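The values are calculated or read from the model by the stated rules, or taken from the named source; none is laboratory data. Since the model is a prediction, treat every value here as computed from it, not as a measurement. Heads up, the Cβs are rebuilt from the backbone with ideal geometry, glycines too, and the neighbour counts pull from every protein chain shown.
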Amino acid sequence: MRITCSSILLVVVLLVSINVRADSHKQIVGATEVIQVGKENLSFKARVDTGAKTSSIHAEDIEVDLSGDPRGKSISFYLVNEKGESKKVETLVDSVVEVRTSERSERRYKVPLLMKWNDSRKTVLLTLNDRKGMKYRLLLGRNWLHGDFIVDVDKNNED
């Protein structure tokens with residue numbers, strides 16, 4: 001069997017074509033997006049961070065039963081966006097995780113929240129964090145991107 005450059009090129013073109021069709025259902029998001037969070041539809045300017053495994057959101061006044069293991073227990077908190085708008089949320093704790101930041105290591109509650117962007121609705125696990133000093137109070141990690149989105153860093157949608 002004789003392999004030529006044109007037959008190799010044909011195989012490469014076919015493989016790329018198959019891969020593009022497999023990803024064609026994915027939506028393109030920018031480096032920043034506006035996301036509605038929870039049933040309350042609170043809007044957040046969000047930064048997409050492909051280096052972050054898990055998404056994180058700013059939460060205040062977190063209340064949870066601290067006796068024993070918090071997993072599965074009711075938790076309430078206020079989501080507060082960059083405009084100072086806030087909504088009280090009640091859900092269940094999925095887990096408590098240890099998160100390493102540039103400054104230290106800290107424990108955070110991880111909770112499921114509904115995230116809406118354009119026509120997409122997706123419930124993902126987010127860590128609750130104090131992000132009030134940060135420009136983006138919502139960080140979208142790979143767990144939100146997975147399976148549904150491709151990032152175009154030249155595209156920014158904060159309005």
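Key figures for this structure:
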{"item": "Condition check for residue 61: loosely packed, with under 12 Cβ neighbours inside 10 Å, within 15 Å of residue 108 (Cα to Cα) and either touching a strand residue (DSSP E or B) at 6+ places or on another chain (Cβ under 8 Å) or among the aromatic types (Phe, Trp, Tyr) (or both)", "result": "yes"}
{"item": "Single residue of the stretch 87-142 satisfying the filter (surrounded by 13 or more Cβ atoms within 10 Å (Cβ to Cβ) and among the small types (Gly, Ala, Ser)) that is nearest to residue 35 (Cα to Cα)", "result": "120"}
{"item": "Failed condition for residue 154, given (1) touching an Asp or Glu at 6+ places or on another chain (Cβ under 8 Å); (2) at pLDDT below 95", "result": "(1)"}
{"item": "Those residues of the stretch 26-49 which are in a strand (DSSP E or B), surrounded by fewer than 22 Cβ atoms within 10 Å (Cβ to Cβ) and of a type in the set (Gly, Ala, Ser), in sequence order", "result": "30, 31, 43"}
{"item": "Residues satisfying the stated conditions in the stretch 64-121, i.e. farther than 20 Å from residue 143 by Cβ and aliphatic (A, V, I, L, M)", "result": "64, 66, 80"}
{"item": "Qualifying strands (runs of 3 or more DSSP E) (wholly inside the stretch 50-153; at least 1 residues being without any contact (Cβ under 8 Å) to a residue 12 or more places away in the chain)", "result": "95-100, 105-117, 120-129"}
